[in-house]
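> There's a structure below that I have some questions on.
Values quoted throughout were computed directly from the atomic coordinates according to the rules given, and no laboratory measurement underlies them. What you are looking at is a predicted structure, and each value in this text was computed from that prediction instead of being measured. Glycine gets a Cβ as well: all are built from the backbone with ideal geometry, and neighbour counts include every protein chain shown.
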Amino acid sequence: MSWTAKPRLNPTAPRLKPTGTAKPGPKAVEANGNVRISNGLKEFLWLIDGSSQGRILDLGAVFQSTVMFFIERGFRLSTEDMMRSWKEFLITEEESMRNMKIGDEGARVSQGMLAGKFLDSNLQYPEDNFHGVLVWDLFDYLDAELLPRVMERLYTVLRPGGAVLASFHSKTPERFNRYKIVDGQNIELIPSPTLAVHSRIFQNREILDIFGKFRSSKTFVGRDQVREALFLK
């Protein structure tokens, strides 16, 4: 099925035009070396543009500029910093295991059980709830047990026709970044304290396997060799 032939989420809805404060001009964007052009974001916004009062899920750090970007366009944004939540969960679990009494080793849990326990209290949303999900580079940092479970949960909470935007590094990044939206085609990388160790480099086939349930995909490779992957449910 052709990507360009896919309908918007609500073809009859009028296009939403940006309101509120003016966007930064080209010179302001160019002056910031941490800003990267994101064709994936541009396409993601095009796909969700026709959804009146659409719901977006952001799995990265909370930035006021990103929140206002979607609110000004009529979207309802939910944020859940998955990487921070996972780290805090692991710290709590490790502390609990250190405090176990001698003889309680049998109570120790596997990585799979930890992943399941984590999702018992995270990513708790109704089915078919979101029109779009911003994953950023989260999958590069999740372990092998948690990643497919998170992907399954995201597929469940995404509406039919909804879009997921994720990015994958072609080499281990030099620093840990968080991401905030500058405008409709630019993302600012915010250097931050490391929350997780970069887990692995995904090949194209592995990325497609992660999103195996989705019906269509499109990828964009930037000058920094970061691959953006856009998938439709």
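> Multiplying the sequence separation of N122 and R175 by 0.36 nm and subtracting their Cα-Cα distance, what value in nm do you get?
Numbers: separation 53, 0.36 × 53 = 19.08 nm, distance 2.64 nm.
So the chain would gain 16.4 nm between N122 and R175.
> With the crude spin-label approximation of a point 7 Å out along Cα→Cβ, what separation in nm comes out for M113 versus E206?
For the pair M113/E206, the computed spacing is 2.8 nm.
> Obtain the radius of gyration and the Kirkwood radius of the stretch 118-167 from its C-alpha atoms and give Rg over Rh.
Numbers: Rg = 10.7 Å, Rh = 11.3 Å.
Rg/Rh for the stretch 118-167 comes to 0.95.
> Could you give the semi-axes, largest first, of the ellipsoid that matches the stretch 125-228, computed as the square roots of 5 times the alpha carbon gyration tensor eigenvalues and rounded to whole Å? Don't skip to the answer; put the middle values down first.
Numbers: eigenvalues 97, 54, 42 Å².
Taking √(5λ) for each eigenvalue gives 22, 16, 15 Å, largest first.
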